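Below is one structure, written out as structure tokens; the observations come after it.
Readers should treat all values here as calculations from the given coordinates under stated rules, not as data from a laboratory. What you see is a predicted model; the values in this text were computed from it and never measured. Using ideal geometry, Cβ is built from the backbone for each residue, glycine included, and neighbour counts are taken over all protein chains shown.
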Amino acid sequence: MRRLFALLAVAMMVVGLAGCGASQSGTQTGGITVRDPWVRAAMMNMAGDQSGAMGNMQQSTPMAGMGGGHSHGSEYGNTAVSAAYMVLVNNGAADAIVKAESDVAKSVELHNVIMENNVMQMRQVEAIEVPANGQVELKPGGLHVMLIGLNRDLKEGDEVVIKLTTRSGKTIEVKAPVRKP
Amino acid sequence: MQRWLLRFFAILAALALSGCGAYEFRGTMLEPPNPAPELPLTDQFGNQFQLSNYRGKIVLLFFGFTHCPDICPTALGDLKRVMEKLGSDAAKVQVVFVSVDPERDTPELMQRYLAAFNPTFLGLNGDRALLEKAYKDYGVTVIRRDLPNSGLGYTIDHSGYIYAIDQAGNWRLLWAHGTPVDDIVSDVQALLRNPPRS
Ligand SMILES: [Cu+2]
Ligand SMILES: [Cu+2]
């Protein structure tokens, strides 16, 4: 059994190295695989827009590490956002996505939406759990990878690269096509 | 000729669906229909908006914000498809988006955001007190929540209903979030077929 698993892992690594996965929309490593990723089309702001209700527009928010974005008072006027969706398939032991990164946005976060009495509540989450031999769907109205502060327009047909980190320490590179809102 | 046939079938289908000709709405009807509260707000082009200017049209109303990645774009995407499916009848329908995040929903942002769906969509913003009144009048939940560790800073919890105001300015219907586009189209067509008197 162990041997089989090891063999499987090796086979997967070979596939990964061979670059077969790279041309597909989702690339796989180890337990969690990504299927059907996509990003919602969105337009970023006009650069240098000064008409925001909040005067102070500091574009240069020094972000040392991603995901650790801290509060900066009231400088949240006028940032364009979008979200990435996908299916996380897990062929191994229970794992989770604990971090997401992408160069298209200033911060990339893991979010969930809860609908209660038809009131939608969006919240940041620490991790997206993926059960052993199970799957989790990131979809509108639920879990998503939130892209905050886009630094370019995301137009239909574009591709967004998102790097996911699992709790087990693996990274998954996802190439997500942009789709219409 | 084909159009005539199509229309004939449409009427037949409508009759078949409705039994005695009384259409059953898929959305929730507001009984009795009351005059829809006025929305004395400003659209994304800086023009003063007035609901009373839209008598003779059906107004589809939605409350949301541009930084919402999820419910709002889904609802607006649905409304975009509703307009497409209505075809030439779309000219008798106005989609109106009211901001629940007046600070961030600047006219420029609203312009770009709404244009991505349909350039005829109007996005309203305005004086805080007038907005608060609109939320209350339409029973819309709007709660600002701080997200201390998020690059967003804060988010707005909000209701996801779409409302229909008929040609006489009466608040007639509401659809819960996720109502199929075809159901909305069907209800709008029913309102167009039987315009209210007065
Ligand atoms: Cu989000
Ligand atoms: Cu929303």
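Please report, in debye to the nearest 20, how large the charge dipole of chain B is about its Cα centre when each Lys and Arg carries +1 at its beta carbon and each Asp and Glu carries -1 there. List each step's numbers first, then the result.
Details: 19 positive and 21 negative charges, 128 e Å.
Here chain B has a charge dipole of around 620 debye.
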message: If I take every Cα pair under 8 Å that is 6 or more residues apart in the range B:27-193, average their sequence separation and divide by the length, what percent do I get for the relative contact order?
response: 35 percent
message: For the pair B:D137/B:Q50, report the inter-label distance in nm, with labels modelled 7 Å from Cα in the Cβ direction.
response: 1.3 nm
- request: For A:M120, enumerate residues with amide H under 5 Å from its amide H, sequence gap 5+ or separate chain, H modeled in the peptide plane.
  value: B:H158, B:S159, B:G160
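Could you sort B:115-126, A:143-154 so that the peptide with the highest average Cβ count within 10 Å comes first and the rest follow in order?
On the way: B:115-126: 19.2, A:143-154: 21.8.
Top to bottom by mean Cβ count within 10 Å: A:143-154, B:115-126.
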field: chain B - share of DSSP beta bridges that are antiparallel (%, nearest 5)
entry: 65 percent
query: What angle, in degrees between 0 and 90 and rounded to the nearest 10, separates the Cα long axis of helix B:128-137 from the longest principal axis of the Cα atoms of chain B?
result: 40 degrees
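Going by average Cβ density within 10 Å per residue, which order do the peptides B:147-156, B:24-33 take, highest to lowest?
Working: B:147-156: 19.8, B:24-33: 13.4.
My ranking of the peptides, most packed first, is B:147-156, B:24-33.
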field: Unit charges at the beta carbon, dipole of chain B: most positive-side option, B:P73, B:A22, B:I162
entry: B:A22
- prompt: Points 7 angstrom from Cα along the Cβ direction at B:M29 and A:E159: gap in nanometres?
  reply: 5.4 nm
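So how strong a dipole does the range B:81-172 carry about its Cα centre when Lys and Arg Cβ are +1 and Asp and Glu Cβ are -1, to the nearest 20 debye? Present the calculation step by step, with values, prior to reporting the outcome.
Details: 11 positive and 12 negative charges, 36 e Å.
That gives a dipole near 180 debye.
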query: Can you give the mean number of other chain Cβ atoms that lie within 10 Å of the Cβ atoms in peptide B:103-113?
result: 5
